[in-house]
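See below for the structure under consideration.
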């Protein structure tokens, strides 16, 4: 064993000597310029082949590094595009003529469109009857359809939790309208059979399911296309326009539904909307149904903006305002080439947002501090308000000396203070409100009805768009004629009344005047023939009897020096009558 171990030790020493000799040879051969080095990697050989940097190169000025600038550094003023719209901004029809609410509404729901809806609804009802479904049906006419529209407009004015209560005859309902014009069964039958597209074309489209030729929105296409075209045809936007998403609430089970956490309506159908910033007029929109080829190649936000901007129809010189979902440097540069200005908030995580930290905000930046960088025609600006705001624009300079008032805490005391603000932030807050203004007008009064059919949800939303755009056109006409427009509520009331007049030729008769209501006694003996007071019963006060009743209404009501149920009950009836359509 000892001999074996000594032999192994000698072998290891010989191997180590060979390795040392090889290393010595490699070390000395590396200093020979004419010797090729097979043991080195190609990358190392390439590094060796670089020429040494000369002393004269050190004296050359280095390339200017990107850095943030403060508001004290002057920025150039970008050259604005000349505003050249394809048509005169505002309503595109004769503004000197007299336009009623119904005539404005019919710009969107034209006679051919109404006839198409009536024809397809009758065909759908006939198909259901042929399938053995038992319900009472007579063919829908123009008169019936406009009464149906008047009723859903009325439901937008007078909101009741259960739709059937509009036909109740008990207090506090007992509406003269719609009871006197259409039965509840007829209204429900029309609502149930409502159909917008041709049934045969529906079947052909259904055969294409799971193929690229399948149209997921085919059932709303006739009305969808008409409303979009009418929105663009009847109004030309002013210089500032904006784009945003709109959610239409629905509980229908269909794949095009979306979820948006930041919206008041979380679940529903997502619409991309282009609106006029000044008036809130919905000028163009489309329903999002999923990613398309263009959205895959360019991104959804990039493609959505270009899809909503028909450049020849709009013209040149517009300024588009966007939120951070859409804004990117590539999009702004593309719009700049088409002579469109653009401004919007931008995410700091965007690949083209400046990533330099040179001269950035200090750790404890104060409210009103700003930094900016300009890359050719695109301006990037950061501003400290309650939080850091990042903007991107091709139409603004970084800072022109404007200020805003904010509450600032100094030495433990809150006080109002004027702080500097970038021009892009001021104009963004002013003009990025068009879609929100349209959404607010729609939420004030809406014709939406509970339904599980997705295409009916869109029908009601298209009616909302038509009414709100008609109201905006009414205000534009009144402004051009120098007269005061009616309120939105009055516009809806007049529209419902005109729909009834158009359908039946005259408005319903007004209820009996309250002057005929007089207090009378059941008997000459006030201690006898007493009845329970109606108003006290409605208020939940039981067992209050009165000898007085209303001669016209035949309702027992209290009338004493301390309690005047007679007057209060009639005032309530007068109010309820005022909200009915007369």
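Worth a mention:
- Meets criteria (part of a helix (DSSP H, G or I) and either under 23 Å from residue 574 (Cβ atoms) or assigned by TED's automatic domain parsing to the domain that holds residue 572 (or both)) for residue 164: no
- Residues being part of a helix (DSSP H, G or I), out of contact with any strand residue (DSSP E or B) (no Cβ under 7 Å at 6 or more places or on another chain) and surrounded by 13 or more Cβ atoms within 10 Å (Cβ to Cβ) are represented in the range 83-102 by at least one member.
- Of all residues making up the range 392-420, the number that are more than 15 Å from residue 380 (Cα to Cα) and either part of a strand (DSSP E or B) or not assigned by TED's automatic domain parsing to the domain that holds residue 348 (or both): 16
- In the range 181-204, the residues that are under 18 Å from residue 462 (Cβ atoms) and assigned to a loop (DSSP other than H, G, I, E, B): 194, 195, 196, 197, 198
- Selection count, the range 387-398, where residues are out of contact with any helix residue (DSSP H, G or I) (no Cβ under 7 Å at 6 or more places or on another chain) and in contact (Cβ under 8 Å) with a residue 12 or more places away in the chain: 4
- The set of residues in the range 421-438 being surrounded by fewer than 21 Cβ atoms within 10 Å (Cβ to Cβ) and assigned to a helix (DSSP H, G or I) consists of 426, 427, 429, 430, 431, 436, 437.
- Residues (surrounded by 18 or more Cβ atoms within 10 Å (Cβ to Cβ) and either under 14 Å from the mean Cα position of the chain (by Cα) or in a loop (DSSP other than H, G, I, E, B) (or both)) located in the range 239-256: 241, 242, 243, 244, 245, 246, 247, 248, 250
- Candidate set from the range 270-322 (those that are part of a loop (DSSP other than H, G, I, E, B) and at pLDDT below 90); member that is farthest from residue 260 (Cα to Cα): 310
- Given (1) in a loop (DSSP other than H, G, I, E, B); (2) under 22 Å from the mean Cα position of the chain (by Cα), index of the condition residue 339 fails: (2)
- Counted residues, the range 552-566 - those being surrounded by 12 or more Cβ atoms within 10 Å (Cβ to Cβ) and over 19 Å from residue 170 (Cα atoms): 4
- Given (1) assigned by TED's automatic domain parsing to the domain that holds residue 427; (2) surrounded by fewer than 23 Cβ atoms within 10 Å (Cβ to Cβ), number of the condition residue 341 does not satisfy: (2)
The values are calculated or read from the model by the stated rules, or taken from the named source; none is laboratory data. What you are looking at is a predicted structure, and each value in this text was computed from that prediction instead of being measured. FYI the Cβ positions are ideal-geometry reconstructions off the backbone, even for glycines, and counts take in every protein chain you see.
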